[in-house]
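The values are calculated or read from the model by the stated rules, or taken from the named source; none is laboratory data. The shown structure was predicted, so the numbers you read here are calculated from the model rather than taken from an experiment. Here the Cβ is made from the backbone with ideal geometry for all residues, glycine too, and neighbour counts use every protein chain on show. Side chains included, ligands, DNA and RNA excluded: accessible areas come from the protein's heavy atoms. Shrake-Rupley method; radii C 1.70, N 1.55, O 1.52, S 1.80 Å.
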Amino acid sequence: MPAPIITFTSDFGLSDWFVGVVHGVVHGLCPQARVVDLTHDIPPGHIARAAFVLEAAARDFPPGAVHLAVVDPGVGTSRRALVIEARGQWFVGPDNGLLEWALCDPSARVHAVTETRFFRHPVSRTFHARDVFAPEAAHLACGELLASFGPRITDPLRLARALPRRVDDRLIGQVMFVDHFGNALTNLTEQDLAEAFPGVGETRLEVTVGSRVFRGLARAYGDAKPGTLLAILGSSGRLEIAQVGGNASARLGLDEGDELAVSVGPGPGSP
């Protein structure tokens, strides 16, 4: 059997010991698990950013992977801890909307954690990542049954999702994330484009961002000269605005929440 995988996403940063301690708790309870750090650079308390990262990354992991995510402004309060089975994987984290991608699965099974025997004791009021969530993830990875953690619930806290919307002949989306390279990732997926513009090739699509119009989607970064701005379907399956060899978001002043529109451009031979 392959070693179980536990991914870890947080807003802890890497300058303190917090991430390392969580690794230590996991390995102490499930030594065979492999912990994969997705990112710990989420801005403090930015639940929506972490939820997007988890949605973008989780699908690239195999069935049975455990996703541990902790961005938890409500640590120490009455907010619940959740364990979820969804999309063939497991998700562990606070009940604050962070696990929205798992909750969007119609077949998701959501359990509130009430069984304290899985916790690391004494439980700190400020570090549930170490004392509550890490032990849950480790026990799941080592085969503990979902129902062992507590009762199934039907009222988890949901995160408001920015959904594409149709306005006349345009599909409106927004920037969800700016990556390390300055690429602006949007909430418009390849599937969204195909459903909104059936039978229309990528070269016919126009993307409007502010006063900038991109005619056609690029096939690859390397097809354009350095410094070129382009629209492209990135590795996460989402429409991105990028600059070859540069930072598109800085150049265009793009940030999370900024809108863009996709429409069908003129056909071949049109002026």
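Values for this structure:
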item: Meets criteria (free of Cβ contacts under 8 Å to residues at least 24 places away in the same chain, crowded, with 19+ Cβ neighbours inside 10 Å and of a type in the set (A, V, I, L, M, F, W, C)) for Leu205; result: no
item: So Ile47, is it at pLDDT 95 or above, among the β-branched types (Val, Ile, Thr) and within 21 Å of Ala141 (Cβ to Cβ); result: no
item: Of all residues in the stretch 179-202 being touching a residue at least 60 places away in the same chain (Cβ under 8 Å) and open to solvent by 40 Å² or more (accessible area, probe 1.4 Å), the one that is nearest to Asp41 (Cα to Cα); result: Phe181
item: Unique match (being outside any loop (DSSP other than H, G, I, E, B), surrounded by 20 or more Cβ atoms within 10 Å (Cβ to Cβ) and of a type in the set (Val, Ile, Thr)) among Val19, Val26; result: Val26
item: Every pair of residues 6+ apart whose Cβ atoms lie under 6 Å, when the first sits in the stretch 242-260 and is assigned to a loop (DSSP other than H, G, I, E, B) while the second is small (Gly, Ala, Ser); result: Val244/Ala224; Asn247/Gly182; Leu254/Ala184
item: Number of the exception - Pro4 against (1) more than 20 Å from Glu136 (Cα to Cα); (2) out of contact with any Phe, Trp or Tyr (no Cβ under 8 Å at 6 or more places or on another chain); result: (1)
item: Search result, residues across the stretch 126-160 that are aliphatic (A, V, I, L, M) and outside any helix (DSSP H, G or I); result: Leu145, Ile153, Leu157, Leu159, Ala160
item: Meets criteria (under 22 Å from Asp37 (Cβ atoms), open to solvent by less than 10 Å² (accessible area, probe 1.4 Å) and in contact with a Leu (Cβ under 9 Å, 6 or more places away or on another chain)) for Ala65; result: no
item: Residue tally, condition open to solvent by less than 20 Å² (accessible area, probe 1.4 Å) and within 23 Å of the chain's Cα centre (by Cα), over the stretch 210-236; result: 3
item: Whichever residue in the stretch 44-56 is open to solvent by 10 Å² or more (accessible area, probe 1.4 Å) and without any contact (Cβ under 8 Å) to a residue 60 or more places away in the chain and, among such residues, is nearest to the chain's Cα centre (by Cα); result: Glu55
item: Single residue of the stretch 87-125 satisfying the filter (assigned to a strand (DSSP E or B) and either farther than 18 Å from Ile6 by Cα or without any contact (Cβ under 8 Å) to a residue 24 or more places away in the chain (or both)) that is most open to solvent (accessible area, probe 1.4 Å); result: Arg109
item: Subset of the stretch 16-50 [touching a strand residue (DSSP E or B) at 6+ places or on another chain (Cβ under 8 Å) and within 24 Å of Gly237 (Cα to Cα)]; result: Val36, Asp37, Leu38, Thr39, His40, Ile42, Arg49, Ala50
